[in-house]
Amino acid sequence: PCLRCPCCPLAEKTGKVLGEFCRCYREQYGVALFNSVRYEIEGNGGPQAQLLHRKVPLEDHVIYSGNIFQYIEENKKWRNRFCVVPHNYGLVLYENKLAYERDLPPRVLVNSAGYKVLTSVEQYLELVNSSLPGVTPKSGQSPILKCPTDFPLILWHPYARHYYCCVMTGKEQEKWRAVFQDCVRHCNNGISEDSKVEAPAFTDAIRMYRQAKEQFGTWDMLCGNETQVLSNLVMEELLPELRSTIGPRLKGKAQERQRTWIQISDAVYRMVYEQTKAQYDAVTAKCEQERPQMESIIRTDMDQIITSKEHLASKIRAFVLPKAEVCVRNHVQPYISSILEALMAPTSQGFAEVREVFFKEVTDMNMNIVNEGGLEKLVEYMEKLSHLAFHPVKMQSCYEKMEQLKLEGLQQRFDVSSTSVFKQRAQIHMRQQMDDAVHTFETLLHQELGKLQGKDELCKSIQRILERVLKKFDYDSSTVRKKFFREALLQITIPFLLKKLAPTCKGELAKFQELIFEDFANFILVENTYEEVVLQSVMKDIMQAVKEAAVQRKHNLYRDSMVLHNSDPNLHLLGEGIPIDWAEEYSGQQEPEPGTDRRRRAKQVVSVIQTDEGVLPYEVGTQGLLQPSSPQPDAETPPSCPDGVEKIREALAEESLGADAPSEASAHHAAPSPKPRADVPSEPKVPHTAPASPTPGAEPLPAAPHTACHQPSDKETGEEVASLCSPVQPMGTTESGEGVQTEF
């Protein structure tokens, strides 16, 4: 089937789902615009943050790069790829390091939103077997995937294509897993919070659409940017019908049917994505076009709109509140403290670990400055410290604390499908708090440097600034966590209450529509006002529970009445200045590096384990890795090519022998009195190596100008990038499997 054909059943079904969503979006857009303008006029300032916030934390930086083996499905081979994770957390796989340095087009671009990172084939097979019920390989048959090493890294998605990688050692696997999970975490958070109208309009429209289908509670696939989330929404409705229609018609062995099903699902997902993007772009453009007129009405009639809304709310409150209060008292109130305690323990442990990692890194840096020298070493260490928050390995110990979150029993009672949404949200807060602490520290230290004389003064100043920043961190950490707890409690209880009240309240809401003036109908919705009344019924109990936890100083929470007096009144003015570049400012370099060299020597947050040069190592054939019976008439096997998993492992081991450089330790645990170290953990820049020589007789490739052409755009949509680089087939891969594989 082809969704580009209007008569295609899939295209028709997709269009119907998108049509309903777009109607919800247009309604929510007016409400979100009104709320935004009202907030702008009235203001609602909470506690002022004590730490500085960096606007562009990773500009001109690479998170990680290194060699990894990838399975190419199209030609059924494992190949060594040079993987780069740029500042926007897209996964970019190049032919080799030389191709990256020469700015050649990448082989694969992956946006990891919605993916799960798996580190065992067994986990993957379990998910694959459940995706197509009734199709499971018999015992003794080869599974759909075999890995040539014991250290796989698999990216699994419920709808899109899967990506298979592996490495040679457990240490590499742990490091890559942390990097991949950071990419997933970042890409899942793809809806910009800076958008005060479009973002809330979109998320509310998604929620209203799903509630209309009686789907309450959290949703695991609210992942990625708006088009990705909307594509997931469509696929959620398409997939059961697609599975029941196509599943019984699949032929061949169980593994072949599973593989075919994955390809079909991916093909449909890509076509749905195209149709979704077109329709969503159209509705947002239309709303944007109408915005000036709507905003003019809001600003002119703000008081009348507020009065009209309050009148409507009072009528709905009189009808709903008695029922809602009984429901809260019987079904919600007894469990609020249990939910809060389950949230507080792992979250607060994670933030405490963030504080400890920051303290340890700064203290170690200070001790090493005492041992090794002054300003020169400080610049080197500050270059590394400035991006501590974006170091997936060092931050892993913080993130792991949140993985302990369990809502035993409560999860079923309140219909919470998964705790992953709360885990990832808390982890993003942790990373932000770490970066704010680091940025505040480096800003204060940079201000002091001109006044300091000698190594002793420098070390005393670092210790003094560290203590100031930790006080600010404790205050901001408490504020952020209390807000997170309140939001999480609402996110758990409100859908539960709406579902409980729906049978007695939902059908009666239509009669309140007549209370809204026609001129204000774009800005006041009965459904939204009803939800606000339900929220008010439980908000008092939630606020009280969080307040009591703070009064009891549980998990180092501060009381709301506590205000940290600002000892740095001009600090926020400093934060608005030009970002500090320690290397450039203190290294004495006057001339900027040419574009190609700048790409080759890009600053990197995480150090590389493998230091293989740009020569592609031995290509591993996959006879016996997938279907032994699958014919490969076009694959030419080298004479020395092994055909068994054990031999392949030996071949990979030989190729990687001696390639592993010593890796750094992961995030350090707390130490009451840290000792001086001569080797503070460092993340060197990409090695300054000369490109490998071209093959004899071949003309050397000219160095391309340094552009952002071959990196994922900030929207993180792979196909946009690919279209700038080279023509790409609709499915994103050439017949040989060597073309650019794009992902959404």
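The values are calculated or read from the model by the stated rules, or taken from the named source; none is laboratory data. Note that the coordinates shown come from a computational prediction; the quantities given were computed from them, not determined experimentally. In this analysis, Cβ positions are derived from the backbone assuming ideal geometry, glycine residues included, and neighbour counts consider all displayed protein chains. With ligands, DNA and RNA removed, areas are computed over all heavy atoms of the protein, side chains included. Shrake-Rupley method; radii C 1.70, N 1.55, O 1.52, S 1.80 Å.
Listed values, structure above:
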quantity: Subset tally (residues that are assigned to a helix (DSSP H, G or I), of a type in the set (K, R) and open to solvent by 20 Å² or more (accessible area, probe 1.4 Å)) for region 239-289; calculated: 6
quantity: Region 378-402 - residue that is of a type in the set (D, E, K, R) and buried (at least 18 other Cβ atoms within 10 Å of the Cβ) and, of those, farthest from the chain's Cα centre (by Cα); calculated: E380
quantity: Near pairs, Cβ below 8 angstrom, 6+ apart or cross-chain, from region 9-20 (touching a residue at least 40 places away in the same chain (Cβ under 8 Å)) to any residue that is among the charged types (D, E, K, R) and part of a helix (DSSP H, G or I); calculated: K13/E237; K13/E241; V17/E237
quantity: Odd one out for A324, checked against (1) small (G, A, S); (2) open to solvent by less than 10 Å² (accessible area, probe 1.4 Å); (3) assigned by the TED database to the domain that holds L233; (4) farther than 30 Å from E236 by Cα; calculated: (3)
quantity: Complete set of residues in region 316-334 that are touching a residue at least 60 places away in the same chain (Cβ under 8 Å), out of contact with any Lys or Arg (no Cβ under 7 Å at 6 or more places or on another chain) and not aliphatic (A, V, I, L, M); calculated: R317, F319, K323, E325, Q333
quantity: Cross-chain or 6+ apart pairs with Cβ under 7 Å, region 513-535 first and outside the structural domain of R291 (by the TED database), then of a type in the set (S, T, N, Q) and open to solvent by 50 Å² or more (accessible area, probe 1.4 Å); calculated: V526/Q513
quantity: Qualifying residues in region 191-231 (those that are touching a Cys at 6+ places or on another chain (Cβ under 7 Å) and assigned to a helix (DSSP H, G or I)) - the one most open to solvent (accessible area, probe 1.4 Å); calculated: M208
quantity: Residue in region 31-41 that is within 26 Å of H429 (Cβ to Cβ), of a type in the set (S, T, Y) and open to solvent by 40 Å² or more (accessible area, probe 1.4 Å) present; calculated: yes
quantity: Test: residue in region 80-89 that is touching a Phe, Trp or Tyr at 6+ places or on another chain (Cβ under 7 Å) and more than 26 Å from S386 (Cα to Cα); calculated: yes
quantity: Yes/no for E74 being among the acidic types (D, E), open to solvent by 10 Å² or more (accessible area, probe 1.4 Å) and at pLDDT 95 or above; calculated: no
quantity: Checking E237 against (1) more than 28 Å from the chain's Cα centre (by Cα); (2) closer than 17 Å to H157 by Cα; (3) among the acidic types (D, E), the condition it does not meet; calculated: (1)
quantity: Members of region 406-431 that are part of a loop (DSSP other than H, G, I, E, B), surrounded by 15 or more Cβ atoms within 10 Å (Cβ to Cβ) and more than 23 Å from the chain's Cα centre (by Cα); calculated: F414
quantity: Number of the exception - W176 against (1) assigned to a helix (DSSP H, G or I); (2) without any contact (Cβ under 8 Å) to a residue 12 or more places away in the chain; calculated: (2)
quantity: Failed item in (1) out of contact with any Leu (no Cβ under 9 Å at 6 or more places or on another chain); (2) modelled with pLDDT under 90, with S65 passing the rest; calculated: (2)
quantity: Verdict on F359 being closer than 23 Å to R468 by Cα, among the aromatic types (F, W, Y), open to solvent by less than 20 Å² (accessible area, probe 1.4 Å) and in a helix (DSSP H, G or I); calculated: no
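Let's see how each residue does on (1) surrounded by fewer than 21 Cβ atoms within 10 Å (Cβ to Cβ); (2) among the acidic types (D, E):
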{"site": "Q447", "(1), (2)": "yes, no"}
{"site": "I465", "(1), (2)": "yes, no"}
{"site": "D474", "(1), (2)": "yes, yes"}
{"site": "S477", "(1), (2)": "no, no"}
{"site": "K483", "(1), (2)": "yes, no"}
{"site": "E487", "(1), (2)": "yes, yes"}
{"site": "L490", "(1), (2)": "yes, no"}
{"site": "L501", "(1), (2)": "yes, no"}
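Residues are listed down the side, and each one gets a yes or a no for (1) modelled with pLDDT of 95 or more; (2) under 30 Å from V272 (Cβ atoms); (3) assigned to a loop (DSSP other than H, G, I, E, B); (4) in contact with an Asp or Glu (Cβ under 6 Å, 6 or more places away or on another chain):
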| site | (1), (2), (3), (4) |
| --- | --- |
| C7 | no, yes, yes, no |
| E12 | no, yes, no, no |
| Q28 | yes, yes, no, yes |
| I41 | no, no, no, no |
| G45 | no, no, yes, no |
| A49 | no, no, yes, yes |
| H53 | no, no, yes, yes |
| P57 | no, no, yes, yes |
